[in-house]
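Read through the structure below, which is laid out as structure tokens, and then see the notes.
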Amino acid sequence: MAHPFHLAINVTNLDAAREFYGGVLGGVEGRSTETWVDFDFFGHQLSLHVGEPLATAPTGKVGDHMVPMPHFGVVLPLDDWRALAGRLEAAEVDFVIPPSVRFKGEPGEQWTMFFRDPSGNPIEVKGFADMGAVFDT
């Protein structure tokens, strides 16, 4: 990865965020203060600040689903995606959209899952069998 992104979002509780992003998602904690904490989010810098999360609504139509907007996430190789899906299921995370495949047999075929962090921030994780197909049309 040439250029990791930086994203800063609000969470309502840093302890719950640490448990979720570190414990469930496997992120490595970085710098922190009493009001924010950084995580290595699959190679990207995610800063979680105490505050009111952005309002979201299911306004994004993708296939047969209305997905929460705005949202963020990551694209993983399929084996890593499956391992994460297993960890989320074992942690009994409530899915907005459970792990599933979409665009099957089409360019850009992908596996996806949507869930929310403990503060309600929507996250999408996509999995690709061929990471070179991420931008296929």
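The values are calculated or read from the model by the stated rules, or taken from the named source; none is laboratory data. Quick caveat: nothing in here was measured; it's all calculated off a predicted structure. FYI the Cβ positions are ideal-geometry reconstructions off the backbone, even for glycines, and counts take in every protein chain you see.
Looking at the range 36-59 only, could you name the residues that are surrounded by 15 or more Cβ atoms within 10 Å (Cβ to Cβ), in contact (Cβ under 8 Å) with a residue 40 or more places away in the chain, out of contact with any Phe, Trp or Tyr (no Cβ under 7 Å at 6 or more places or on another chain) and not β-branched (V, I, T)?
Hits for the range 36-59 are Q45, P53.
Out of all the residues in the range 96-111, is one or more among the polar types (S, T, N, Q), assigned to a strand (DSSP E or B) and more than 12 Å from the chain's Cα centre (by Cα)?
yes
Can you go through T33, T12 and tell me which one is out of contact with any Phe, Trp or Tyr (no Cβ under 9 Å at 6 or more places or on another chain), without any contact (Cβ under 8 Å) to a residue 24 or more places away in the chain, β-branched (V, I, T) and outside the structural domain of F114 (by TED's automatic domain parsing)?
T33
If you go through the range 101-111 one residue at a time, how many are without any contact (Cβ under 8 Å) to a residue 40 or more places away in the chain and surrounded by 15 or more Cβ atoms within 10 Å (Cβ to Cβ)?
Total meeting the criteria: 3.
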